[in-house]
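What follows is a set of notes on a single structure, which appears directly below.
The values are calculated or read from the model by the stated rules, or taken from the named source; none is laboratory data. Worth saying up front: this structure is predicted, and the values here are computed from it rather than measured. Cβ atoms come from the backbone with ideal geometry, glycine included; neighbour counts cover every protein chain shown. Heads up: the accessible areas ignore ligands, DNA and RNA and are worked out on the full protein's heavy atoms, side chains in. Shrake-Rupley method; radii C 1.70, N 1.55, O 1.52, S 1.80 Å.
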Amino acid sequence: MANASILVVEDEPAIQELVAFSCGNSGYRVRKADSVGAAESAIRGELPDLVILDWMLPDRAGIDFLRDLRKSERTRSVPVIMLTAKGSEGDRIAGLDGGADDYVVKPFSPRELVSRVRAVFRRRSPEKSGESVVYGPLRIDPQRHEVQIDGREVKMGLAEFKLLVFLAGHPERVFSRSQLLDNVWGDHVFIEERTVDVHVLRLRKALTVANAQNMVQTVRGLGYRLSVKLDS
Ligand code: CA
């Protein structure tokens, strides 16, 4: 499965390089921007899974850009970690009120930053943390590409795997076909919604070897969810 992508928005080259190197070293796919303008164009090209955003940027304040991200439908739910020299309580509160998921004050240790990135992923999109996703009898190892149900290995195709990883990261939540397309296939990929149904059928078929096909549930008129609860 493709590694989660991080957009690093920072104008100081040494810090940008340090952040990019640390994240890249931890298995994330990193893109870099040195201004709000460059970040906007990077995001137009591809929606990142997380943004690390400096407060003081040459063209606009990072905090204003953060507010823009939170206003737009497309970028609203992208996790953001603010990175800044401003450590006062007032700035910290402004950052969190502006919709930041976390706040790291310079100078910071790269290991601490990476562990905060992981923590944000674990909280916001567990399937992107790179760690095992566990739900009920289901255990998924995203690195090794393995699915087990009650200890029994289940084989499936790549698209079914990605779909299962996403659903298992948000168990019991219902997702529409278009939400699944955005989150599993990427928001710039144009695929018919019917394709989702095809992969859901294949996923259920793969799960039958462990008699777990009922975990992938159709919610009439809404979409799909993963649940171990069979009623409701
Ligand atoms: Ca700066």
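For the stretch 5-128, the solvent-accessible area works out to 46 Å² per residue, with a probe of 1.4 Å and every protein chain left in place.
Both radii come from the Cα set of the chain: Rg as radius of gyration, Rh as Kirkwood radius; their ratio Rg/Rh reads 1.01. By the helix-only formula, in which each DSSP H run with n ≥ 4 contributes -39500 (n - 2.57) and the sum is divided by residues, the chain has a 222 nm mean residue ellipticity of -11500 deg cm²/dmol. What the Cβ-Cβ distance of E46 and E146 gives, at R0 = 25 Å and to the nearest 0.05, is a FRET efficiency of 0.35.
Take the Cα radius of gyration of the stretch 133-226 and divide it by 2.2 N^0.38 Å, N being the number of residues; the result is 1.00.
Per-residue 3J(HN,Hα) values for the stretch 212-217, derived from phi via the Karplus relation 6.51 cos²θ - 1.76 cosθ + 1.60 with θ = phi - 60°, read 10, 4, 6, 5, 8, 10 Hz in sequence order (x marks Gly and Pro). Enclosing the Cα atoms of the stretch 5-128 in their convex hull gives a volume equal to 93 cubic angstrom per residue. What the phi angles of the stretch 102-115 give under the Karplus curve with 6.51, -1.76 and 1.60, with θ = phi - 60°, is a coupling list of 7, 8, 10, 9, 6, x, 10, 8, x, 5, 5, 4, 4, 5 Hz, glycine and proline written as x. These residues, V134, V154, go from largest to smallest accessible area, 1.4 Å probe, as V134, V154.
The mean accessible area for residues of the stretch 133-226, using a 1.4 Å probe and ignoring ligands and nucleic acids, is 54 Å² per residue. Could you check the spin-label model distance between A85 and A61? Points 7 Å from the Cα along Cα→Cβ, value in nm. In this crude spin-label approximation the distance works out to 1.6 nm.
Note on the stretch 125-232: with charges restricted to the Cβ of Lys and Arg (+1) and Asp and Glu (-1), its dipole about the Cα centre is near 240 debye.
Amide H contacts under 5 Å for E146: D141, restricted to partners 5 or more places along the chain or on a different chain, H placed in the peptide plane at 1.01 Å from N. Shape summary: the stretch 1-58 maps onto an equivalent ellipsoid whose semi-axes, from the alpha-carbon gyration tensor, are 18, 15, 7 Å in decreasing order.
Of P107, L96, P126, which is farthest towards the positive pole of the stretch 1-142's charge dipole, taken about the Cα centre with +1 and -1 on the beta-carbons of Lys, Arg and Asp, Glu respectively? Selected residue: P126. Rounded to the nearest Hz, the phi-derived 3J(HN,Hα) couplings of the stretch 190-205 under the Karplus curve 6.51 cos²θ - 1.76 cosθ + 1.60 (θ = phi - 60°) are 9, 10, 5, 4, 4, 4, 4, 4, 4, 6, 5, 4, 5, 5, 4, 4, where x marks glycine and proline. Note on T208: accessible area approximately 70 square angstrom, rounded to 10, probe 1.4 Å, nucleic acids and ligands left out. Taking springs between alpha-carbon atoms closer than 10 angstrom, which of I81, I140, I43 fluctuates most in the Gaussian network model of the chain? For the chain, modelled as a Gaussian network with Cα springs under 10 Å, the answer is I43. If you count Lys pairs in the chain whose Cα atoms are under 18 Å apart, skipping same-chain pairs closer than 8 places in sequence, the total is 4. Using a probe radius of 1.4 angstrom, the carbon and sulfur fraction of the accessible surface of the chain is 49%.
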